Amino acid sequence: MSRNDQWETVIGLEVHAQLKTATKLFCSCSTRFGEAPNSNTCPVCSGYPGVLPVLNGSAVEYALRAALALGCEIPPMSRFARKNYFYPDLPKGYQISQYELPLAVHGHLEIPSGDGTKRVGITRVHMEEDAGKLVHAEGASSLVDLNRAGTPLVEIVSEPDIRSAAEAADYVRTLRSILTYAEVCDGNMAEGSLRCDANVSVRPRGSTTFGTRAEIKNMNSFKFIEKAINYEIERQIELIEDGGKVVQETRLFDSRTGRTESMRSKEEAHDYRYFPEPDLPPLVLTPARVAEVRASLPELPDARRKRFADDLGLPTYDARVLTETRELADYFEDVVKAGAAPKAASNWVMGEVLRGLKGEAPAPSDLKWPPRYVADLIAMVEAGTISGSVAKTVIAEGLESGQAPAEIVKAKGLSQISDDSALFAEVDAVIAANPGEVEKYRAGKEALLGFFVGQVMKRTGGKANPKRLNEIVRDKLKAP
Amino acid sequence: MTATDALWKLSLAEVARRIRAKDVSAEEATRACLARVAAVEARVHSFIHLDGEAAISAARAIDARLATGDEVGPLAGVPIALKDVLAAEGTATTCGSKILEPFVSPYDATCVARLKRAGAVSLGKLNMDEFAMGSTTEHSAFGPTRNPWSLDHVPGGSSGGSAAAVAAGECFATLGSDTGGSIRQPASFCGVVGIKPTYGRVSRFGLVAFASSLDQIGPLARSVEDTALMLEVIAGHDPRDATSLDVPTARWTDEVGKGVKGLRLGIPKEAFGEGLDPEVGAAVRASIERLAGEGAEIVDVELPHTPYAVATYYVLAPAEASSNLARYDGVRYGLRAGQDGSLVDMYKRTRSAGFGDEVKRRILIGTYVLSAGYYDAYYRKAQQVRTLVRRDYEKAFERCDALVMPVAPEPPFKIGEATGDPLRLYLSDVLTIGVNLAGLPGISVPCGASKAGLPIGLQIVGPPLREDTLFRVAGAWEGVSGWKNRVAPLDGSSAGGAA
Amino acid sequence: MTIERKDVVHVAKLARLDLNEDEIERMTRQVDQIVTYMRSLDELGPLDPADVPPTAHVLDVSCPLRADEPRPSGQDEAILERAPGRRDRFYTVPKVIE
């Protein structure tokens, strides 16, 4: 009996997503990434004596978009609260967050599960400000940069509905896709725009109570999410099987060792002493305002995936891959709009276009080829102007140069040879050069047809129209 | 023209009129006040920072604008001063604390900017209980302020410097802050007028926070009219304070002479109960009778939760304070004590060296009531009782237009008398803190003096945003009391008999 | 006794205050006196939050919103100048070990 049969893993995720506002949550400083240290600062985000927070309206709108995209209920009133703790990257000695009355509750999202989906509940979505950055320098000092202090975040807390590391990664992937569709977050995990903490526990399969959980921090890629959680699951099972007990604690994932390490060294247990933020009156959102924001949401990945499958007839897998980001889905749809058949468009976008995105152009908008060119290329293949293998060469070339497909074909002379007289000459030459093979073929070894076709292709640089070539070779080999 | 050496005795309204009429210059008015400061400051100690040179150059700039016929504000050339809890660009802003002793504010509080725009000339920053925590101004890291009417006595607090400076004639008006009575009680102790406006009436931007849901800035001056003039300048909506109310301000100076005929004045019986000093009670009752004689209708009302107000306040205010004072950590500004050891060592050393006893006590109380396991029993409960206190006032205002009562149950304490007994001092806030808990406007006007010559104040409390009623009642009382524009002589004589 | 020495020690730690023995003794006594006085609120009995909701704000207004328009403070240098510990454009603090 494997461990998997004996133990069940229970995972809840807390994802922090940075909202794409131009300014910080409570002051008018810029949120631009990568500026000189402590340059996007003012008395407010530096925690000066006497300053007060004023809430960024766009941050509220973005947070609301995120919450509605996750199917949340929006209570008529939410409230900010102070979370009190001392740390050098927290200028006021408290973080303004939401606690008892969050912006949104009771949402959900669907993650892939076999051929279908699995629903993961969202407990709450709330707004809060980010902390600054602590830089661990050489010598006796650590350095503090407050550029990021006060950047608007939403924290999205899931129900403990996730049962494996792979599901956790799928959850974050799905969430990221929804947030980028809703245009509230750029989803960049490497720059920290999307950060994930996991509460992980194990329990004997069949048990209905929860085991003691550990909170895992610092997983800044999908790969690390899976690695960290898998490590932690194994660690907890081993610990329990050896007669030990899981301690409720925060553990940091170390990507170099692939292990999670206890953060007990950092500080004594926290007592955040939350209380309502007296500097900000409660945030009241009218049903009309909520409806307005809801109406402004674009088609979300779930709906789009369904439409791609049902209306365009794509396989489930294709629909899922193509809808992972809004930009890719838009790109694909533009290829179809430019006249390509959906399945052909899907094959080309999922194949060659996605391959192109792995290189220097990470987003479809960075691609040098507009969707129309892909449609043109598909049309050329279908018309027999070029072969499929030549088309791959054309698209690779085009993604580099930005040249239109017809231009590339013309410039490189890549059009197929469909002219019979030209093909006759090539086939005759091959037959003349291989008398032994001809004899064998005629004696009944018909599998040699491919050999002759291959030889012609070699001589024409792959430009021979394969369908016509097959017919001609067969004809010529029939009779002496 | 009055001799320059007596200019400092004028009312703010009068000196502003003379400056605008160019009967006196802003510089003359400023120099007159500075001369008075030079004569009395060593005894009173109202100021933490006095900047005479800056004041004179600001006054000259006003004079230059007057000379060219430029538009000047309503307070053009009038010397004023600021409680050191208000941020003023380029000046030290210490809050009476060692932890901010090295701190110079890089920005102006909204009320400070509005005073500057109105042409007022600031002489400097005034003494206070550290971070506005106290009611005697003895809890200042820079030494106590003394009551100008009797130097053995406290001026009240926490805006003790603000009240004493006005009473001593060092300037024409000051700004203070009031979280549980910190404008009204020192105004009462020093025989001047002080108003705590409705919560949200004056922007708190630039007011160093003590308890943010209770704090309000307000003016102190030697007459009701002068106080109204100051409030007209500093009140009004400010987009930098999310708790600032977007409501119109008014010409409150017009209310001062309207009289009380037809107004219903409520007398809360709880304010006249056990613990009220007989002299204070007698002076306040006499004032109420005079107001009745002026045509006010007197009605008895109840504020049944008054006995719980002090406990409620001393849960909520320290809780907010413990959080508001967390930013003083030695990282970005102000004091940092020593470089050695760990981060936590640096925090503890800095905060322990920087904060005084009373501040530490309140941080401990506030941290305790918010900490895990105690929040519901203390903080949430206190917030609920705050609701009950608010309802008491709402109910009372169904039957009257304003409440009239004492400010403090006792006349001013002797210096050093109560420092060892914090709870006794907290209990003496009983008549002022309900007003903060409910966010109401309240004004303190002089209503007499004790046999020992110590001033006694009368408190008038109104419904939210009804400062107009307060100025009407206070103005009517001032008109019949004769206590107006009195400056403490500081020549050994006392406040004199009851007015 | 509502407050004991250990409570004061714990709370002082949370608040990053160092108290000497005398202070601990005195603060325990005074804070106990004050917190015991606060318990007078218990005389009101349990209060049903449906009847007596807690007051966090006296204002009957919704949180005002600001336009999302960047305005550089122009004060970043002035702010850094005030730092008690500084290296280049960073604040310095004693080494933080994680």
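B:Ala211 is checked against (1) open to solvent by 20 Å² or more (accessible area, probe 1.4 Å); (2) within 14 Å of another protein chain (Cβ to nearest Cβ) and fails just one. What number does that condition carry?
It fails just one condition, (1).
Mind listing whichever residues of the stretch A:58-88 are over 20 Å from B:Ser371 (Cβ atoms) and either touching a Lys or Arg at 6+ places or on another chain (Cβ under 6 Å) or of a type in the set (Val, Ile, Thr) (or both)?
A:Val60, A:Leu68, A:Ile74
Output yes when any residue across the stretch A:361-371 is buried (at least 17 other Cβ atoms within 10 Å of the Cβ), among the small types (Gly, Ala, Ser) and not assigned by TED's automatic domain parsing to the domain that holds A:Gln455, and no when none is.
First pass over the stretch A:361-371, keeping only residues buried (at least 17 other Cβ atoms within 10 Å of the Cβ): A:364, A:367, A:369, A:371.
Retained after the next criterion (residues that are among the small types (Gly, Ala, Ser)): none.
So far as the stretch A:361-371 goes, no, none of its residues is buried (at least 17 other Cβ atoms within 10 Å of the Cβ), among the small types (Gly, Ala, Ser) and not assigned by TED's automatic domain parsing to the domain that holds A:Gln455.
Does any residue of the stretch A:233-256 turn out to be closer than 30 Å to B:Arg240 by Cβ, open to solvent by 20 Å² or more (accessible area, probe 1.4 Å) and within 34 Å of the chain's Cα centre (by Cα)?
Looking for residues that are closer than 30 Å to B:Arg240 by Cβ, open to solvent by 20 Å² or more (accessible area, probe 1.4 Å) and within 34 Å of the chain's Cα centre (by Cα), one finds none in the stretch A:233-256, hence no.
Quickly run through the stretch B:255-277 and pick out the residues that are acidic (Asp, Glu) and surrounded by 15 or more Cβ atoms within 10 Å (Cβ to Cβ).
Residues satisfying the conditions are B:Glu255, B:Glu270, B:Asp277.
Taking the condition of being of a type in the set (Ser, Thr, Tyr) and in contact with a Phe, Trp or Tyr (Cβ under 6 Å, 6 or more places away or on another chain), how many residues in the stretch A:18-48 meet it? So that I can check it myself, show each step before the final result.
Filtering the stretch A:18-48 down to residues of a type in the set (Ser, Thr, Tyr) leaves A:21, A:23, A:28, A:30-31, A:39, A:41, A:46, A:48.
Those still in the list that are in contact with a Phe, Trp or Tyr (Cβ under 6 Å, 6 or more places away or on another chain) too: none.
Total meeting the criteria: 0.
Go through C:Arg66, C:Arg16 for me and flag whichever is surrounded by 14 or more Cβ atoms within 10 Å (Cβ to Cβ) and under 21 Å from the mean Cα position of the chain (by Cα).
C:Arg16
Just the residues that are closer than 22 Å to A:Pro278 by Cα and in contact with a strand residue (DSSP E or B) (Cβ under 7 Å, 6 or more places away or on another chain), please, taken from the stretch A:29-67.
Of everything in the stretch A:29-67, those that are closer than 22 Å to A:Pro278 by Cα and in contact with a strand residue (DSSP E or B) (Cβ under 7 Å, 6 or more places away or on another chain) turn out to be A:Gly50, A:Pro53, A:Val54, A:Leu55, A:Asn56, A:Gly57, A:Ala59, A:Val60, A:Ala63.
Within the stretch B:325-360, count every residue that is open to solvent by less than 40 Å² (accessible area, probe 1.4 Å), among the hydrophobic types (A, V, I, L, M, F, W, C) and over 28 Å from B:Gly420 (Cα atoms).
Of the residues in that region, 3 qualify.
What's the number of the condition B:Pro441 fails, among (1) more than 14 Å from chain C (Cβ to nearest Cβ); (2) crowded, with 21+ Cβ neighbours inside 10 Å; (3) not hydrophobic (A, V, I, L, M, F, W, C)?
Answer for B:Pro441: the failing condition is (1).
Restricting to helices (runs of 4 or more DSSP H) lying wholly in the stretch A:403-480: which have 3 or more residues that are buried (at least 18 other Cβ atoms within 10 Å of the Cβ)?
Counting at least 3 such residues, we get A:405-412, A:420-433, A:449-460, A:466-478.
Tell me the helices (runs of 4 or more DSSP H) entirely within the stretch A:281-338 that contain at least 2 residues that are at negative phi and modelled with pLDDT under 95.
Correct list: A:301-310, A:316-322, A:326-337.
Pull out all pairs, ordered by first then second residue, where Cβ-Cβ is under 9 Å, the residues are six or more apart or on different chains, the first lies in the stretch A:175-192 and is aromatic (Phe, Trp, Tyr), and the second is open to solvent by less than 80 Å² (accessible area, probe 1.4 Å) and in a loop (DSSP other than H, G, I, E, B).
A:Tyr181/A:Leu297; A:Tyr181/A:Pro298; A:Tyr181/A:Glu299; A:Tyr181/A:Leu300; A:Tyr181/A:Thr323; A:Tyr181/A:Thr325
Out of the residues in the stretch B:298-355 meeting the condition of being touching a Pro at 6+ places or on another chain (Cβ under 6 Å) and among the hydrophobic types (A, V, I, L, M, F, W, C), tell me which one is farthest from the other protein chains (Cβ to nearest Cβ).
My answer is B:Val301.
Would you call B:Leu370 open to solvent by 10 Å² or more (accessible area, probe 1.4 Å) and of a type in the set (A, V, I, L, M)?
Values: open to solvent by 10 Å² or more (accessible area, probe 1.4 Å): no; of a type in the set (A, V, I, L, M): yes.
In short, no.
Select from the stretch B:215-237 the residues that are crowded, with 24+ Cβ neighbours inside 10 Å and part of a loop (DSSP other than H, G, I, E, B) and write down the one among them that is nearest to the other protein chains (Cβ to nearest Cβ).
For the stretch B:215-237, the residue satisfying everything is B:Asp215.
Tell me which residues, restricted to the stretch A:172-196, are over 10 Å from the mean Cα position of the chain (by Cα) and more than 20 Å from A:Val60 (Cα to Cα).
Scanning the stretch A:172-196 gives A:Ala190, A:Glu191, A:Gly192, A:Cys196.
Among the residues of the stretch B:132-142, is any within 23 Å of B:Lys360 (Cα to Cα) and within 14 Å of chain A (Cβ to nearest Cβ)?
yes
Being assigned by TED's automatic domain parsing to the domain that holds A:Leu179, touching a helix residue (DSSP H, G or I) at 6+ places or on another chain (Cβ under 8 Å) and either over 30 Å from A:Val200 (Cα atoms) or open to solvent by 70 Å² or more (accessible area, probe 1.4 Å) (or both): is that true of A:Leu285 here? Steps first, answer last, please.
Details: assigned by TED's automatic domain parsing to the domain that holds A:Leu179: yes; touching a helix residue (DSSP H, G or I) at 6+ places or on another chain (Cβ under 8 Å): yes; either over 30 Å from A:Val200 (Cα atoms) or open to solvent by 70 Å² or more (accessible area, probe 1.4 Å) (or both): yes.
Criteria met by A:Leu285.
Report those strands (runs of 3 or more DSSP E) wholly inside the stretch A:33-135 carrying at least 3 residues which are open to solvent by 10 Å² or more (accessible area, probe 1.4 Å) and either modelled with pLDDT of 95 or more or within 14 Å of chain B (Cβ to nearest Cβ) (or both).
The strands (runs of 3 or more DSSP E) meeting that bar are A:104-113, A:116-129.
Which residues, taken from the stretch C:81-98, are over 9 Å from B:Arg332 (Cβ atoms) and of a type in the set (A, V, I, L, M, F, W, C)?
Scanning the stretch C:81-98 gives C:Phe90, C:Val93, C:Val96, C:Ile97.
Quick grid of which residues meet (1) part of a loop (DSSP other than H, G, I, E, B); (2) under 16 Å from B:Met133 (Cα atoms):
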residue: B:Val310; (1), (2): no, yes
residue: B:Leu316; (1), (2): no, yes
residue: B:Ser322; (1), (2): no, yes
residue: B:Gly338; (1), (2): yes, no
residue: B:Lys348; (1), (2): no, no
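Within the stretch A:202-232, can you find the residues that are open to solvent by 20 Å² or more (accessible area, probe 1.4 Å) and within 17 Å of the chain's Cα centre (by Cα)?
The initial filter retains those residues of the stretch A:202-232 that are open to solvent by 20 Å² or more (accessible area, probe 1.4 Å), namely A:203-213, A:215, A:217-218, A:220-224, A:226-227, A:230-231.
Selection gives A:Asn220, A:Ser221, A:Phe222, A:Lys223, A:Phe224, A:Glu226.
Which ones in the stretch A:143-172 are farther than 20 Å from A:Leu68 by Cβ, more than 14 Å from every other protein chain (Cβ to nearest Cβ) and open to solvent by 30 Å² or more (accessible area, probe 1.4 Å)?
Result: A:Pro160, A:Asp161, A:Arg163, A:Ser164, A:Ala166, A:Glu167, A:Asp170.
Can you go through B:Lys125, B:Lys98, B:Lys83 and tell me which one is closer than 24 Å to B:Glu358 by Cβ, open to solvent by 40 Å² or more (accessible area, probe 1.4 Å), within 14 Å of another protein chain (Cβ to nearest Cβ) and modelled with pLDDT of 95 or more?
Among B:Lys125, B:Lys98, B:Lys83, only B:Lys98 is closer than 24 Å to B:Glu358 by Cβ, open to solvent by 40 Å² or more (accessible area, probe 1.4 Å), within 14 Å of another protein chain (Cβ to nearest Cβ) and modelled with pLDDT of 95 or more.
Going through the stretch C:18-56 one residue at a time, which ones are charged (D, E, K, R) and facing chain B (nearest Cβ under 7 Å)?
Across the stretch C:18-56, the qualifying residue is only C:Asp18.
If you check C:Tyr91 against the conditions, is it among the hydroxyl-bearing types (Ser, Thr, Tyr), within 10 Å of chain B (Cβ to nearest Cβ) and more than 30 Å from B:Val310 (Cα to Cα)?
Details: among the hydroxyl-bearing types (Ser, Thr, Tyr): yes; within 10 Å of chain B (Cβ to nearest Cβ): yes; more than 30 Å from B:Val310 (Cα to Cα): yes.
Judged against the criteria, C:Tyr91 is a match.
The values are calculated or read from the model by the stated rules, or taken from the named source; none is laboratory data. Keep in mind that what you see is a predicted model, and the values were worked out from it rather than measured. Ideal geometry is used to build each Cβ from the backbone, glycine not excepted, and the neighbour counts take in all protein chains shown. Surface accessibility is based on the protein's heavy atoms, side chains included, excluding ligands, DNA and RNA. Shrake-Rupley method; radii C 1.70, N 1.55, O 1.52, S 1.80 Å.
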